[in-house]
1. If each residue of separation counts as 0.36 nm, what is the full-extension length gain between residue 208 and residue 166 once their alpha-carbon separation is subtracted?
2. Rank these for me by crowding, 232, 154, going from fewest to most other beta carbons within 10 Å.
3. Sequence gap at least 6, Cα distance under 8 Å: using those rules, report the relative contact order of the chain to the nearest whole percent.
4. Using the alpha-carbon centroid of each, what span in Å lies between the range 232-274 and the range 30-84?
5. Using the alpha-carbon centroid of each, what span in Å lies between the range 100-168 and the range 195-230?
6. Which values, in whole Å and largest first, are the semi-axes of the equivalent ellipsoid of the range 205-265 obtained as the square root of 5 times each eigenvalue of the Cα gyration tensor?
7. Go ahead and estimate [θ] at 222 nm for the chain from helices alone: -39,500 (n - 2.57) per DSSP H run with n ≥ 4, summed, over the residue count, rounded to 500.
8. Viscosity 1.002 mPa s, temperature 20 °C: Stokes-Einstein D of the range 25-292 from its Kirkwood Cα radius, in µm² per second?
């Protein structure tokens with residue numbers, strides 16, 4: 001009698017999280033390139049903070065109007081600032097304004113969006129109505145009026161962040177509200193309600209974890225918008241003028257006619273930096289939108 005030999009079944013191993021992440025980043029090139037650019041800027045800032053004297057980022061610290069050289073890699077400006085030190089300090093100051101304003105705006109928008117969509121009724125109508133009234137207002141114009149009316153002695157990095165965030169919460173509020181309206185009608189929320197789960201547990205344990213990609217995308221978008229707003233205000237001379245913000249450096253170069261006097265390195269270097277910052281954030285935002293939006297997400 002013939003014996004039947006069992007054929008061993010192939011074993012399939014579930015790929016690890018690191019491998020899945022690497023595979024996803026290879027498919028999502030915009031997110032990968034944006035993260036690499038942002039990591040390069042962070043590395044530049046960290047290395048710079050370890051190698052510079054922060055005092056050189058302020059006026060009357062070094063010889064004036066020196067072109068780029070080994071001693072001064074980015075040159076110096078009319079006011080006696082080492083532009084390499086100014087770029088290092090200005091990068092983290094500009095990023096601080098964007099992150100603060102973006103975090104505050106996203107937090108306010110997330111809370112209002114959840115409250116508006118989940119509880120509905122007059123609360124929803126009030127929050128939605130306020131957002132619809134304020135959204136068409138030209139935000140930059142209001143920011144210019146507020147910043148221009150402040151005493152320059154009280155204009156700091158933190159006041160700039162507050163000015164930027166004053167009207168920056170409407171967008172996240174409407175985005176989160178629409179997503180919560182969609183989530184609350186799904187089956188897992190109905191099952192949780194039938195199981196006797198409280199309203200707050202549903203919000204924090206059922207809906208919020210599913211909205212984290214949307215919140216992350218909203219945060220990056222808010223940081224992007226906040227940095228643009230702070231850059232515009234600084235270029236117009238409405239920021240803390242003594243601080244080496246990227247916009248302040250460009251404003252000072254413009255006011256002193258840097259290009260006409262042949263000091264080309266003065267405005268070009270901060271302009272390249274702001275393009276790299278905004279470009280990296282735009283690419284990251286595109287990548288996060290693909291991660292959060294099922295309509296544009298690629299199959300794994």
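Taken together, the values in this text are just the output of simple stated rules run on the coordinates, not laboratory data. It should be emphasised that the depicted structure is a prediction, and the values quoted were computed from it without experimental measurement. Backbone-built Cβ (ideal geometry, glycine too); neighbour counts: all protein chains shown.
1. This chain segment gains 12.6 nm when fully extended.
2. The most exposed by this proxy come first: 154, 232.
3. 25 percent
4. 14 Å
5. Between the Cα centres of the range 100-168 and the range 195-230 lies a distance of 17 Å.
6. 39, 11, 7
7. Taking each H run of at least 4 residues, the total per residue is -21500 deg cm²/dmol.
8. D, rounded to a whole number, is 105 µm²/s.
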